[in-house]
Each structure stands twice: as structure tokens, then as C-alpha cells.
Amino acid sequence: MSLKQQASQGAEVNEKLAALMTNSNAVRAIASAVEGTLGPKGLDTMLVDKFGEVVITNDGVTILTMMEANHPAARMVINIAKSQQEEIGDGTTTATVMAGALVSAGVEQVVKGVPVARVIEGIRAGVRRALEVMKEQAIPLEDLQHPWLKQVALVAGREHQDIADLVVEAARLIGKEKLLDPNFKLSDTVTSKEGAANQVFMGVIINKETMNKQMPRQLENVKILVIDDALEPEEIEDEALGTEAGFARYLELQREFRANVQKIIDLGVGLVLVDRGVDDTAEEMLTDAGVMVVQRVLNKELRRAAEHTGARVIKRTGLKKELAELEKSLGHAGKVLEDERLEQVWILDGRGKPMATVLVGAATEEVVGERERIARDAASSVQAAVKGGVVPGGGALELAVSREVEKVRENIRGMAAYGVSCVAETLRRPMAQIVANAGFNPLEKIGDVLAAQAEQNKISLAVDCDTGEIIDMFDLGVLDPALVKIHALKAAGEIAEAILRIDTIIKMKDHKQPSGEGLDQGV
């Protein structure tokens with residue numbers, strides 16, 4: 001073959017791989033943005049917007065969601081990270097780092113000449129085996145008093161002792177049954193406020209003030225009405241108001257509305273929570289009756305308040321019911337108070353389901369935002385640990401699993417074995433990054449840990465990031481929820497397969513093109 005033919009063939013190969021290389025580089029760039037935050041010695045990232053607003057954070061999902069990323073492959077990784085956050089609430093950095101490593105390893109094999117289909121086949125086999133081993137190694141946490149629960153919170157909470165204590169206390173207040181509820185998220189109980197004191201209490205916080213200063217600041221043994229609607233009369237169209245019948249209807253609706261508001265007063269309701277706005281007439285009547293009213297409450301807070309107090313959420317039409325029927329919709333709380341300094345209403349000791357609130361405070365707005373993110377991560381990890389058990393952290397589990405994946409390679413025929421190797425390589429990546437962030441040589445340390453794990457038959461051995469010594473992660477108290485690891489690897493596998501399957505990138509035409517344009521141009 002002549003040099004010219006070889007050069008032509010090389011150009012053809014490069015052109016075929018152009019889409020794959022472009023996507024791989026985009027994924028790698030996203031992984032690079034967060035990998036420096038991994039582990040106990042991970043550093044912070046500063047995000048700056050066009051207005052000069054600054055966010056300093058160590059939280060992977062915050063970095064990913066706030067960074068500017070226009071490449072479609074980069075956005076795919078960010079969406080997978082968001083999905084990990086939504087599903088588990090933690091582990092987004094690990095998922096992103098592993099996705100970057102798996103895509104890079106897969107592309108490397110394709111460039112060497114391994115068919116994409118074989119690489120994907122091997123990746124699937126490797127990921128499947130890795131997930132099996134991870135599930136087998138999970139140690140269940142049956143008792144919420146187990147000291148390991150605190151260690152999980154401490155690791156996810158980036159060694160913030162006060163935050164770990166708050167989160168574990170909240171988990172114990174709520175109880176195991178609620179933590180296992182798929183519709184409940186412990187992280188939703190976390191709220192933060194500049195200038196607030198750290199505390200956990202049985203109750204919920206509404207992040208709004210009462211409608212006016214004439215309303216009471218504090219009530220005890222309170223009946224609570226929750227309205228998922230506006231507390232306003234039904235509306236009449238302007239055209240109808242211009243007719244005699246329409247105006248009569250308007251007056252009738254006003255009278256009916258006042259009668260409905262009077263029902264709230266007659267029932268002895270002390271607090272009314274409203275999803276939308278409140279009419280001036282209602283505000284005046286309820287203020288005169290000594291009722292606390294909070295309008296435009298976030299739907300999430302409205303639902304939590306209803307659940308905690310045992311209230312049945314109603315629409316404004318529900319106020320038409322008879323008093324006895326309407327009373328069945330009311331919730332009850334031992335105490336309701338307004339904190340004017342924090343601009344919050346606290347509902348304590350509800351008679352419904354147990355609902356703890358974790359209030360995290362700090363001196364400045366920037367710090368309080370980061371402390372809230374840390375507390376939410378810790379809460380998510382604690383709940384995930386209760387649901388799916390714990391495994392050794394520090395990259396120990398992934399490294400041990402990589403040895404099991406290597407065994408799959410021995411039993412796989414053909415070129416799919418190269419795809420299995422990609423998974424084994426990826427599983428070594430978290431420890432490599434944690435060790436590198438701690439200032440040690442990852443190649444040397446990973447070799448030492450692999451040898452120690454095999455020699456002692458212990459999957460929990462990893463590197464102490466303070467000393468560089470090999471140590472048992474269980475002894476060190478470095479524990480992670482198994483579900484975080486499982487979902488992170490699943491997410492990485494999905495991303496790698498999706499990226500490797502993309503053969504061509506074609507820009508779509510502008511959909512705003514006028515209809516009929518180009519029809520007679522032979523296209």
C-alpha cells in the first residue's frame with residue numbers, strides 16, 4: 001500500500017471517529033470539572049456568573065447544574081448526574097468521574113480497532129457483574145441507633161460533626177418506617193437560614209411570614225386549615241358584571257365568600273395556610289378573629305404541614321361544606337409560632353405523621369447555602385444507608401469489585417473482553433482520584449491496596465488520606481451507602497453506552513423555517 005493510500009485510509013478512520021472523539025472530550029471535560037472535589041482532601045470550586053455572583057462549593061451536582069455546558073454529550077452527563085441526585089441524593093461526583101473514565105476507556109478500545117458493539121457487550125457484562133458483587137457486599141443497618149449511621153452522615157457531610165449529629169437525630173425522630181417510604185425524602189426536612197441556630201425539632205417550618213403584624217405571633221393547641229387554592233371569592237367575567245344578573249351574581253358570591261370565611265372563625269381555626277393569594281376581606285375578618293394566615297406557601301411546605309398536622313388539604317370550594325364536615329379536614333398542632341427575625345412560621349408537635357426539621361444556620365448567605373447542601377447530602381446518604389445498607393468507602397469497594405470483574409474477562413470470548421477491561425479500569429478510578437487529591441501517587445497506592453486486599457482477603461482496605469497508610473475503612477469509620485455506589489455505576493454504564501453508540505452528529509434544521517419554503521428547490 002502506497003503512503004498516499006495509507007494517509008487516505010487514516011483520514012477516513014479519523015473522520016469516522018470524529019463524533020466519538022468529540023463526545024468523549026466533552027464528557028472528559030465535565031468529569032475534570034468535578035474530580036478535584038472527590039474525597040476528604042477534595043478542594044472547592046468557585047462558580048462565577050456573568051453578573052459577578054459567586055458560589056463556592058464542593059458539591060458535585062451544584063457544580064454540574066450551575067456550570068455552562070453547551071455540548072450535547074456534556075449535557076447528557078449532567079442529566080445523568082441530576083438523575084442520580086433525584087434518585088439517591090448523593091454520589092453525583094462519583095457517577096460523573098466513573099462516566100468520564102468509562103467513556104474514555106471505551107473510546108480508547110474503539111480507536112485501537114475493537115468494534116463498538118463488542119466494547120458495549122463487554123461493558124454490559126462487566127457492569128452487570130460489578131452490580132451483583134456490590135449488592136452482595138452491602139451490610140444492612142437494621143437499627144437506627146447503630147454507630148455506623150453517624151459515620152455515613154459524617155462522610156457524606158464532609159466531616160461536619162454538627163451537621164452529622166443533626167441529620168442522624170432527625171432520622172431517629174422520624175423512624176425507620178418513614179425513611180423506607182419511597183415518597184419521603186429526609187433531605188427535604190433540611191432548611192437553612194442566615195443567623196439561625198443549628199437545631200432539630202419535631203415539626204415543620206413555613207418559610208413565610210404571617211400576612212400582617214396584627215395577627216398573633218404564637219398560639220397553642222392550634223387547629224389548622226390547609227387550602228391548596230386561593231382564599232378569594234369566585235370570579236365573574238367583566239362582561240357579565242355589566243349586566244344586572246351578573247352584578248347580582250357577584251354580590252351573591254361575595255356574601256357566600258364572607259359566610260365561608262366566617263365558618264373558619266366559627267370552627268376556632270388558629271392557622272390558615274394558603275397556596276395562593278388571600279382576599280382583603282378574608283384577611284380583615286381573620287385578623288379581627290385572631291387567626292394567623294400565611295399566603296403563597298410553597299406546595300412542598302404545604303404538603304408537609306398537612307401531613308404533620310393530620311390536615312386534609314382542601315380547595316376553596318371545600319369551604320361550602322357544613323361545619324361538621326369541614327372540621328374533619330382540620331389538622332392539629334401543639335404550638336405555632338412566628339419567628340420575625342428569620343421570617344418563618346414554625347408548626348410544632350403535629351398530631352399527624354412524625355416530621356422532623358433540620359435547621360442549619362451560618363453567619364453569611366454564601367456559607368449557609370453550602371451548609372444546606374452538605375446537610376442535604378448527609379440526609380440523603382443516611383436514608384440510602386437505611387434502605388440499602390452500607391459498604392466500605394474510600395474507593396475500597398470499587399477496587400475490590402474490579403478484581404471480580406477481571407475474572408469475568410477470563411470467561412468471555414472474543415473482543416468483548418476489552419469492554420470488560422474498561423469496566424475494571426473504571427472501578428479503579430474513584431480511589432485513584434481520592435488518593436491523587438490527597439497528594440499521593442495513585443499508581444503506587446492502588447498497587448499496594450490491591451495486593452493487601454488479596455493477601456488479607458479484605459475488601460474494606462484502602463488508603464488513609466492523612467497518612468498514606470493502608471487501613472481498614474470500617475476501622476476508620478469511612479462508610480458509604482451501597483445504593484450510592486450501585487446507582488453511580490449504573491449511571492456511568494448508561495452514559496458510556498449512549499455515547500459509544502453515537503456514530504454521527506448532524507445539526508438539525510431550524511424548525512422556525514416558514515412552511516412551504518424550499519419545497520420547489522429539490523430538497
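The values are calculated or read from the model by the stated rules, or taken from the named source; none is laboratory data. As the structure is a prediction and not an experimental result, all values here were calculated from the model. Cβ coordinates were reconstructed from backbone atoms using ideal geometry, including for glycine residues, and neighbour counts include every protein chain displayed. SASA here: full protein model, heavy atoms, side chains in, ligands and nucleic acids out. Shrake-Rupley method; radii C 1.70, N 1.55, O 1.52, S 1.80 Å.
Here are the numbers:
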read-out	value
Amide H partners (placed H, <5 Å) of Q344, local residues excluded	D339
Global geometry of the stretch 63-168, whether rounded, prolate or oblate, following the gyration tensor of its Cα atoms and the 1.5 cut on a/c	oblate
Solvent-accessible ranking of F184, F247, F440, F51, largest area first, probe 1.4 Å	F51, F247, F440, F184
Convex hull per residue volume in Å³, alpha carbons only, for the chain	231 Å³
Total charge dipole magnitude, the chain, about the Cα centre, Cβ charges on Lys, Arg, Asp, Glu only, Debye to nearest 20	1680 debye
Residue-wise HN-Hα coupling along the stretch 370-376, computed from phi with Karplus coefficients 6.51, -1.76, 1.60 (Hz; x: Gly, Pro)	5, 5, 5, 4, 5, 5, 5
Amide proton proximity set for V190, modelled H, under 5 Å, gap of 5+	V358
Hits among lysines - C-alpha to C-alpha of K445 under 27 Å, sequence gap 8 or more where chains match	K41, K135, K407, K458, K485, K490
Between helix 92-111 and the chain: long-axis angle, C-alpha atoms, 0 to 90°, nearest 10	30 degrees
Cα gyration tensor, the stretch 403-510 - rounded (a/c under 1.5), prolate or oblate	prolate
Positive-end extreme of charge dipole, the chain - chosen from A306, I374, G331 (charges on Cβ)	I374
For L149, net neighbour charge (Lys/Arg +1, Asp/Glu -1) across residues whose Cβ lies under 9 Å away	+1
Solvent-accessible area per residue for the stretch 288-328 (1.4 angstrom probe, square angstrom)	52 Å²
Label point distance in nm, K176-L253, each placed 7 Å from Cα along Cα→Cβ	5.4 nm
Local electrostatic count, P481, Cβ distance below 9 Å [Lys/Arg +1, Asp/Glu -1]	0
Net charge, E340 excluded, C-beta distance under 9 Å - Lys, Arg +1, Asp, Glu -1	-1
Cα gyration tensor shape of the stretch 264-367, rounded if a/c is under 1.5, else prolate or oblate by comparing a/b with b/c	prolate
Derived scalar couplings ³J(HN,Hα) [the stretch 159-171; Karplus, 6.51 cos²θ - 1.76 cosθ + 1.60; whole Hz; x for Gly, Pro]	6, 7, 4, 5, 5, 4, 4, 4, 5, 5, 4, 5, 4
The stretch 395-470-the stretch 331-387 distance, computed between alpha-carbon centres (Å)	39 Å
Beta bridges per DSSP with both ends in the chain, % antiparallel, nearest 5	70 percent
Of K328/K353; K315/K353; K321/K353, pairs whose Cα-Cα distance is over 18 Å	K315/K353; K321/K353
Hits among aspartates and glutamates - C-alpha to C-alpha of K208 under 13 Å, sequence gap 8 or more where chains match	D275, E301, E338, D339, E340, E343
